[in-house]
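Participant: To start, I am sharing the structure in question, which I have written as structure tokens.
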Amino acid sequence: MSYLYDTTYFYAPTTTHPSILPGTFKMSTEAISENDSIAADSAVRPAVVPRQYLLPFILTTCCFALWGFANDFTNPLVKVYENVFIISTSQASWLQFAFYTGYFCMALPAAFFIRKFSYKAAIMVGFAFYALGALFAVPAASSASFGLFLLGSYILTYGLAFLETACNPYILAMGPRETATQRLNLAQAFNPIGSLVGMSVATLVLAPQLMTGDFRTKLGSGDESYTKHLVVMDDVELAGLPAGAKLANVQLADESVVKVYNAVPDFENTVGALDGAMPNALKAFRANDPAGFQTMQDADLGTVKKPYIIVAGIVIAFLAIFMFTKMPTFKQEEKDAPFWEIASRIFARSRFREGVMAQLFYVGAQIMCWTFIVHYGMEQVDLTLGQAQGYNIVAMVIFLCSRWICTFLLRYISPGKMLCFFSLGALGFTVGAIMLPGFTGLYSLIGISSCMSLMFPTIYGIALHGMEEEESKLGSAFLIMSIVGGALLTKFQGGLIDAYGIRTSFWLPAFCFVMIAIYGLRTFTRFEKESRTLSV
């Protein structure tokens, strides 16, 4: 059985309709003129969210904001951990790898859980994993363990996998099939609100309190209390300054100990090259003042854990709300078919197979753009962490506004055409970020968000179009598994940044947008035509 619908939202002018008395309406539907049919269809357009599902829709939509917070609070932490733990961009990108691998590992178990129990139960399990993973920040910060932060992120995304695997098809089921994609776009419009909150917390609460950010600022200003720790001997880089940097008043403890006291940098030759050598400068600080570095690291990790503790409390509160709220169930008349039978059916559909790949490329592109905009701003425009993250907030505001506009446009323009057009727009902005200098390139990078807003829910809706409920449950799981693109591609771009620089690395998301555009093109030139033919 497919989704349950409220039949009052469909136009059925026959004498058997329960709202029409026998003998009062005898005109055949075949006798209705074409113009009358069009007028009737427009007069009774199916509701996006039927009244009986309004409260469940609102509560489920809140989940979209909650996982949006987790996603976009995590993105800037790549740069934070890079400095706090003194690791490379590629190493720091293990955070995104751990985060998005959790989706891949838990999406199918979540689908099996939904088949056995219910959407509501899966959402509650998702909240439990979410809170547990967030609370891992406490022991991770106390022990200064990057590995524990990775484990906490991995467990947290177990929860997000349950939430997304359950909430997306749950929203699709809450009303008529005709408005399913629009309904999902509406719910997904609240996802960037959570993302915006996550980014704002990172920018307005986290960044100003980070001592590593203060270290970078004072180092760049030539503050001798910071520059004196930089390690250089005979103009050859050992652990601190870049090659060519010069120091005066050098006093070595002895020839066997690489330690410099009372060193003053030559500002013109040294400070200008420091920005790209923060890890080296921090290594020198740690080598020469271990206690001072430990104090800085402990303070920064303590700052990082606070938002996690707060969001864990909020998630536990939502768990309690769902526990005591009656939510709709969508049962089937027949027992679910075996897993492999359903899987073979859904993967036999080109629109689904290609949709899974398109979603993998989209999520990878989104996470790459939103994670490394911070690196782009700090390295290409010499912004601080807070300033660079501020531009990320601007990108998210644009993303949010564009999502609402796209939800409206989908009433009049086919999803495939819009997906193709917006993907090509994103490609153009990405090339601009690669080719254009300074702030112009940064603005192009921000512009990508205006085009990405449409993609996730639209790919999701296209891929699951026409599926029965048992198929959509499993199909949803495979689409959530494709979020692993955020793990694989972000890690790959981190390596490209270390090897070739931030600009060159953005050819990777450019390739992703090409692949998404191809899926959009195939959707409106083939899949949508097939759907119209079958409906005739």
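Each value in this text was obtained by applying a stated rule to the coordinates, not by laboratory testing. Just so we're clear, the structure is a prediction, and the values are computed from it rather than from any experiment. When we count neighbours, we look across all protein chains shown, and the Cβ atoms used for this are built from the backbone with ideal geometry, even at glycine.
Participant: If you find the alpha carbon centre of the stretch 420-454 and of the stretch 345-414, how far apart are they in angstrom?
Facilitator: 10 Å
Participant: When you count, for each residue, the other Cβ atoms within 10 Å and take the mean per peptide, how do 461-469, 165-173 rank with the highest first? Present the calculation step by step, with values, prior to reporting the outcome.
Facilitator: Details: 461-469: 21.7, 165-173: 27.2.
So the order, starting with the most tightly packed, is 165-173, 461-469.
Participant: Sticking with this structure for a sec: What FRET efficiency comes out for the pair Glu468/Val397, r = Cβ-Cβ distance, R0 = 60 Å, nearest 0.05? Before the final figure, lay out the partial values.
Facilitator: Details: r = 38 Å, r/R0 = 0.64.
Using R0 = 60 Å, I get an efficiency of 0.95.
Participant: Go through the stretch 347-355 residue by residue and turn each phi into a ³J(HN,Hα) via Karplus (6.51, -1.76, 1.60, θ = phi - 60°); whole Hz please, and just put x for glycine and proline.
Facilitator: 7, 6, 8, 4, 4, 6, 4, 5, x
Participant: Kindly rank 293-305, 188-200 from highest to lowest mean number of other beta carbons found within 10 Å of each residue. Spell out each step's value before the answer.
Facilitator: Values: 293-305: 18.3, 188-200: 23.1.
With the highest mean Cβ count within 10 Å placed first, the list reads 188-200, 293-305.
Participant: Okay, moving on. Calculated FRET efficiency, Ser143 and Ile518, Cβ-Cβ r, R0 51 Å, to nearest 0.05?
Facilitator: Details: r = 47 Å, r/R0 = 0.92.
Calculated transfer efficiency: 0.65.
Participant: Past 19 Å, Cα to Cα, is the threshold; run Lys283/Lys491; Lys79/Lys491; Lys326/Lys473 against it and keep the listed order.
Facilitator: On the way: Lys283/Lys491 23 Å; Lys79/Lys491 13 Å; Lys326/Lys473 21 Å.
Beyond 19 Å: Lys283/Lys491; Lys326/Lys473.
Participant: Right, here's the next one. Counting other Cβ atoms within 10 Å, keep those with at most 12, restrict to DSSP loop, and tell me which trypsin sites (Lys or Arg not before Pro) in the stretch 316-396 are left. Before the final figure, lay out the partial values.
Facilitator: Working: sites: Lys326, Lys331, Lys335, Arg345, Arg349, Arg351, Arg353; in loops: Lys326, Lys331, Lys335, Arg349.
Counting only loop positions with at most 12 other Cβ atoms within 10 Å, the trypsin sites (Lys or Arg not before Pro) in the stretch 316-396 are Lys326, Lys331, Lys335.
Participant: Continuing with this model, one more query. Please arrange Tyr81, Tyr500, Tyr362 by how many other C-beta atoms lie within 10 Å of their C-beta, fewest to most.
Facilitator: Numbers: Tyr81 22, Tyr500 11, Tyr362 29.
Ascending number of Cβ neighbours within 10 Å: Tyr500, Tyr81, Tyr362.
Participant: Right, next: What does the C-alpha gyration tensor say about the overall shape of the stretch 292-430? Classify as rounded when a/c is under 1.5, otherwise prolate if a/b is larger than b/c, or oblate.
Facilitator: Values: a/c = 2.12, a/b = 1.32, b/c = 1.60.
Verdict is oblate for the stretch 292-430.
Participant: Additional query: 7 Å from Cα along Cα→Cβ at both Ala299 and Leu424: what's the point-to-point distance in nm?
Facilitator: With each label placed 7 Å out from Cα toward Cβ, I get 5.3 nm.
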